[in-house]
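Beneath this line is the structure, given in structure tokens, with notes to follow.
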Amino acid sequence: METILGIDYPTWWFFVIGGLFSGYAILDGFDFGAGAWHLFFKKELNRRIALNAVGPVWDGNEVWLVIGGGALFAGFPVMYATLFSSLYIPFMLFLIFIIFRAISIEFRGKEEMLWWRKLWDVCYSISSIMLAFLLGVVLGNVLQGFAIGENYQYTGSGFFEFLNPYAIMTGVTTLALFMAHGAIYLLLKTEGAMFEKLTNLLQKGMIFFMVSFAITTLYTLLYIPHLSDDFKSAPVLFAVPVLTFLSIANVPRLASKKNYKLAFFFSSLTISLLLVLVAVELYPNLLFSTVDPKYSIDVYEAASSERSLGIMLLFVAIGGPLVLGYTFFVYRTFRGKVKLDDHSY
């Protein structure tokens, strides 16, 4: 088997996809979170400021989702096919809400009528909430596993089987995390009375996240035992959850000191570490089968040919820095507090 630095190609591709989805979660996570808070802002001016805080970057953030989905399809076609056929409903709902969210952002300022703007405000906020929740639902199902039988076929029968208790808890936790992340981002982009309001909202968001995270973690330890197997066999891996908890604790500490730039860094780091934790819990599996462990799909069964992976890793080595450079350029260009003008939403 071909390797780079002693690591085989399927494992490298596992890292690549993890990195892409981590980038997506950090970037689109804060604008989902900002959208989830949108209806908490009662004044028209505050809603416009909140919308323009994400206005220049939201569509660029979704580039990471497109690249991540393409990389998943190209690198692990078996896993891609099984995942999307097993969770068809949440993925279709995600697509519908992401369309409505984009429409809401673009249509809101096209007319001056109050009812028109309120309508799109509600659509924007609900869509943002549901997108964050559905991402967590998909993640919860991947962690828990679902009914995969022979030939990687989904054998589940329930129409709403994806809405199991663990998936719902993971969805709520993901929403809470993104809301805290989004509140910190808005604090970096606002000032005055709205800034003061957001400091209170951030406190509530952090409490919401910590409570939901604690409940989900306890449920995981008690009822999803296969996720802790790697930690039992390799105690050094406990460094990952320890670093995650330290990163989470740093967010409210820094926020209390009004160091929101560093708080945003640690909320981003928290998202990354939580996904690293997910990767450790999964690897080498990609999808667990609740029918029989022998039907679980691992990185080697799901991967494309070594030649294909090798060529695609070369493209990643070239294209990855370009995407990172573009993202850095956009955020540097639109840094600073929001100032409304004639071209604002």
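The values are calculated or read from the model by the stated rules, or taken from the named source; none is laboratory data. Predicted model only: the values in this text are computed from it and were never measured. Neighbour counts are summed over all protein chains in view; Cβ atoms, including those assigned to glycine, are modelled from backbone coordinates with ideal geometry. Quick note on the areas: whole protein, heavy atoms, side chains included, nothing else; ligands and nucleic acids left out. Shrake-Rupley method; radii C 1.70, N 1.55, O 1.52, S 1.80 Å.
Brief remarks follow.
- Filtered residue count, segment 156-168, keeping only those that are in contact (Cβ under 8 Å) with a residue 24 or more places away in the chain, open to solvent by 80 Å² or more (accessible area, probe 1.4 Å) and part of a loop (DSSP other than H, G, I, E, B): 2
- Residue in segment 257-270 that is exposed (fewer than 13 other Cβ atoms within 10 Å of the Cβ), within 19 Å of the chain's Cα centre (by Cα) and under 22 Å from A183 (Cβ atoms) present: no
- Within segment 13-27, the set of residues being in contact with a Gly (Cβ under 9 Å, 6 or more places away or on another chain) and over 11 Å from I271 (Cα atoms) comprises W13, F14, V16, I17, G19, L20.
- Scan of segment 108-149 for residues that are β-branched (V, I, T), open to solvent by 30 Å² or more (accessible area, probe 1.4 Å) and either out of contact with any helix residue (DSSP H, G or I) (no Cβ under 6 Å at 6 or more places or on another chain) or at pLDDT below 95 (or both), ordered by number: V122, I126
Residue by residue, here is whether (1) modelled with pLDDT under 90; (2) over 30 Å from M79 (Cα atoms); (3) open to solvent by 100 Å² or more (accessible area, probe 1.4 Å); (4) not hydroxyl-bearing (S, T, Y) holds:
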residue: E306; (1), (2), (3), (4): yes, no, no, yes
residue: P321; (1), (2), (3), (4): no, no, no, yes
residue: Y331; (1), (2), (3), (4): yes, yes, no, no
residue: R335; (1), (2), (3), (4): yes, yes, yes, yes
residue: D341; (1), (2), (3), (4): yes, yes, no, yes
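- Residues of segment 49-86 satisfying the condition of being modelled with pLDDT under 90 and not in a helix (DSSP H, G or I): G55, P56, V57, E62
- Residues that are open to solvent by less than 60 Å² (accessible area, probe 1.4 Å), more than 20 Å from L5 (Cβ to Cβ) and not in a loop (DSSP other than H, G, I, E, B), drawn from segment 286-304: L286, L287, S289, Y295, I297, D298, A302
- Looking at G18, G60, G69, just one residue is open to solvent by 30 Å² or more (accessible area, probe 1.4 Å), within 21 Å of I318 (Cα to Cα) and not polar (S, T, N, Q), and that residue is G18.
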